[in-house]
1. Classify chain B from the C-alpha gyration tensor, please: rounded if a/c falls under 1.5, else prolate or oblate depending on whether a/b exceeds b/c.
2. Return the distance in nm (one decimal) between the two label points of a simple spin-label model at B:V338 and A:N448, each offset 7 Å from Cα along Cα→Cβ.
3. Counting only residues 5 or more places away or on other chains, whose amide H sits under 5 Å from the amide H of A:L447 once H atoms are built in the peptide plane?
4. Work out the FRET efficiency for B:E18 and B:A76 from their Cβ-Cβ distance, taking R0 = 25 Å, and round it to the nearest 0.05.
5. Which of A:K55/A:K203; A:K203/A:K428; A:K203/B:K272; A:K29/A:K55; B:K55/B:K368; B:K203/B:K312 have a Cα-Cα distance over 23 Å?
6. Whose Cβ in chain B comes nearest the axis that rotates B onto A, and by how many Å?
7. What is the spin-label model distance, in nm, from A:K217 to B:A222 if the labels are put 7 Å beyond Cα along the C-beta direction?
8. Add -39500 (n - 2.57) for each DSSP H run of 4 or more in chain A, then divide by its residues: what number comes out at 222 nm, to the nearest 500 deg cm²/dmol?
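Only the coordinates and a few stated rules stand behind these numbers; no lab work does. Just so it is clear, the structure is predicted and the values come from calculations on it, not from any experiment. All Cβ positions, glycine included, derive from the backbone under ideal geometry; neighbour counts span all protein chains shown.
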Protein chains: 2
Amino acid sequence: MQPSSDSGNFAPAAAQAEFWQRYVEDFRKAGHEAVDWIAKYLSELSDCPVVPSMKPGGLVDALPASGPVQGESFDAILADFNRLIMPAVTQWNHPRFFAYFACTGSTPAILGEMLAAALNTNGLHWKTSPAVAELEQVTLGWLRQWMGLADDWFGIIYDTASTSSMHAIACAREMATPEARVNGSHPNLTLYTSAQSHSSIEKGAIAVGMGQANVRKVPVDAEFRMRAGALAALVEQDVAAGLRPCCVVATVGTTSTTSIDPVPQIAAIAEKHNMWLHVDAAYAGPAAIVPEHRYIFDGVERAHSLVVNPHKWLLTPIDLSAFYTRRPDILRRAFSLVPEYLHPQQDPRAHDLMDYGVPLGHRFRALKLWYVLRYFGQEGIQQMLRSHIAMAKKFAALVDSGPEFERVAPVPLSVVCFRYKGTDDENKAIIESVNATGRVFLSHTMLNGQVVIRLAIGNLATTWEDVMEVWTLVKDAVKSKISNFKF
Amino acid sequence: MQPSSDSGNFAPAAAQAEFWQRYVEDFRKAGHEAVDWIAKYLSELSDCPVVPSMKPGGLVDALPASGPVQGESFDAILADFNRLIMPAVTQWNHPRFFAYFACTGSTPAILGEMLAAALNTNGLHWKTSPAVAELEQVTLGWLRQWMGLADDWFGIIYDTASTSSMHAIACAREMATPEARVNGSHPNLTLYTSAQSHSSIEKGAIAVGMGQANVRKVPVDAEFRMRAGALAALVEQDVAAGLRPCCVVATVGTTSTTSIDPVPQIAAIAEKHNMWLHVDAAYAGPAAIVPEHRYIFDGVERAHSLVVNPHKWLLTPIDLSAFYTRRPDILRRAFSLVPEYLHPQQDPRAHDLMDYGVPLGHRFRALKLWYVLRYFGQEGIQQMLRSHIAMAKKFAALVDSGPEFERVAPVPLSVVCFRYKGTDDENKAIIESVNATGRVFLSHTMLNGQVVIRLAIGNLATTWEDVMEVWTLVKDAVKSKISNFKF
């Protein structure tokens, strides 16, 4: 498809109108086909391999080395999508995707993304699209209420939890050393997080110029939770050494085991030393919507910031990370830098989102979240979360019931960490062998120096039969193949 | 819609299958409606107001204060979308959106976003979705070739140019002070950019802990281009003062006037002092695809990094910022931090995208770019760019032809800066009055201390008639209303 204009000139209105009509009808046809493609995909996905079998470079080699000189038809593009791209896709939306944190690209969110792409509106500034700033405020308000947090939390959407946490760390720097904005980061600021916290915390500290050497990895207890006593000791030690502790990052639902740091005790230490407390609940946050699991947020009301990723366990496709802070004044002070062509709004109800972070452009991500929250409702979301947690506990009981496997961590939420009572190489071989079937996708982690198998439940379509398939495959791998493992 | 599972338990396979079938059919119906909605929207958009007329808080007040307890139907959601949200949307996809940088959410990109949301695949790591890493490499390679750059450029997609430039600045820090990663930013690093460069450069320097005071705003010449002599003098002065110049950011297509910094001269200075040279071509980059405008990239081959935003002038909806660097080794050194559960790939063709930036999660943004490049082809894209540039030049000639207005900057690309030969307040009133018609949307900038009207052409649907409407409205505002302006 080519616009009806030629070199250095432009077409008359009639030609433009004709081009536009063809262009829209072309979309209508391809759009309906895409909807049917997605419906078929969602219906048949359970039968597809979860992970592709291809060699690095396979897709690069299969595609032309140069882009097309002339435009191509939607039919040709979709055909190549099916033939070349699909076999290279790892199916994160698959009911038997149990690796990392399982997630869901739900149908209401797909509709929200379609509409957002068509509008292509950009809420960098309130007036550049009031709908973006205001729907973001509304949807993050709904989610905040469901998670049982008070209305002194300001919410903003970033792309990923890594970005959210980097902003939290920048806030910590701003609170401790307001002069850093002008003069640069001070080399004696220190940050504390558990040895089980996500790597993005360390990366955030590096990015903002705090330095990896100033990140303290606080030891954890036997259940992989930050030891508050060890935190206090490390902070006191750094203060005595003339350093300036400025930030603690507690994790509610760690990546390896979903362990939950003792936020109330950590908050007390943060308060004593006037440190910014950031809570990383990127995965686990949605569980706070379920009354019997709300306890995971005990003490969070004392934190300065919190990240929850709807693109993990809240039915929203990547990317949508919800960042909340009780100190939007500090976030704004750290990042506001209004250029002349974007005068600040004077109205206190008109938030200019560009003032609250690194990215200037602000996509209409709130629309997909609004679709999700409305379509499923609080009860629908609670049902899904309860179902995932119940399946994880039932799987844990299976692991506990026999002599061949051991469970390596408690199962407070929807992830089970277990291992075959054998060598690390045997456990790695089990994962490889199980994943090679294409039926399921498991990932591993290291705990207490040992290779551990992780089962993460989080997809809307996942049934108990899907989970049982893991158990069967794992047991089969042990029973029939253990002697043939290639180490 | 609610999953077929109840409190603390989960449904049998048959109930799940039934739920899933209803869920998919529900999507199919709503998806077809959404496609027709988008087709209608694109057909009728030209008749809609470009900017909404609403008061801050209007949408917040119109929506429920709490999210729904029970799920709602797609019909109910779409009805509220039409009734409440659409009137709050600034129509960035409108043919008469001439503010900031005009852009296009094109139809192939909408299809790409639909499919990406449905797959919900995440390319943080090569093996977590080979298609993401490889299609990103392929599409950025095509775009690189079209812009006439050699194959020593590594490309990666981030969300916005602000994020891309922040990564460039972090690379500059890494190259100058490799110890910064561990020990934190050194307070004597300095960065240079023109007084006309985008605010995101200053923000990036603040974010990485370099400090606002270490950002030098190099003066510009009469055509708003960085003065290379002034740059050299500032650098020498800082070196003499014991500071460490580490980064120069040149702009190819500044935000106010699309002026083009003299990259070859700037590159020579950067090379002399071993500084990282980043080129911000977020808006203008695509023009390099057109042979007669390729000159804007003269000297870019000597830069260390470059940002081009397909979500500005390349038919791609927000967000998609293409970041290129000839030193991916330094980018990786600055940001790689591989946690245990994500072992590095050994294969040199398997890039783990998480190693090249702050965000860990990596959305399948390349899919929409692939759709765009294939559907329009190089020639289609060239035609659009030529048409926009030709219309801008023709509008500039209109401005030049009469006595009432003056053009304030050259028009190398698709933006015209002009002003009524009156006071700043009169020019502001003209913009307000013209925008209040809802027919067009113009923004302003400040040049040489004066308020300037900006006309930015960049939407695929824009015709000469659309541009002429601006001219008519602006002249009408001056002719018939100048005496009634409320200052």
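1. On the way: a/c = 1.83, a/b = 1.09, b/c = 1.68.
Cα axes put chain B in the oblate bin.
2. 2.7
3. Here the answer is A:V452, since their amide H atoms fall under 5 Å of that of A:L447.
4. Details: r = 23 Å, r/R0 = 0.90.
My answer for the efficiency is 0.65.
5. Values: A:K55/A:K203 29 Å; A:K203/A:K428 27 Å; A:K203/B:K272 31 Å; A:K29/A:K55 35 Å; B:K55/B:K368 34 Å; B:K203/B:K312 20 Å.
Beyond 23 Å: A:K55/A:K203; A:K203/A:K428; A:K203/B:K272; A:K29/A:K55; B:K55/B:K368.
6. Reported as residue, whole Å: B:G209, 1.
7. Those two pseudo-labels are separated by 6.2 nm.
8. Numbers: 15 runs with 205 residues, N = 487.
Rounded to the nearest 500, the figure is -13500 deg cm²/dmol.
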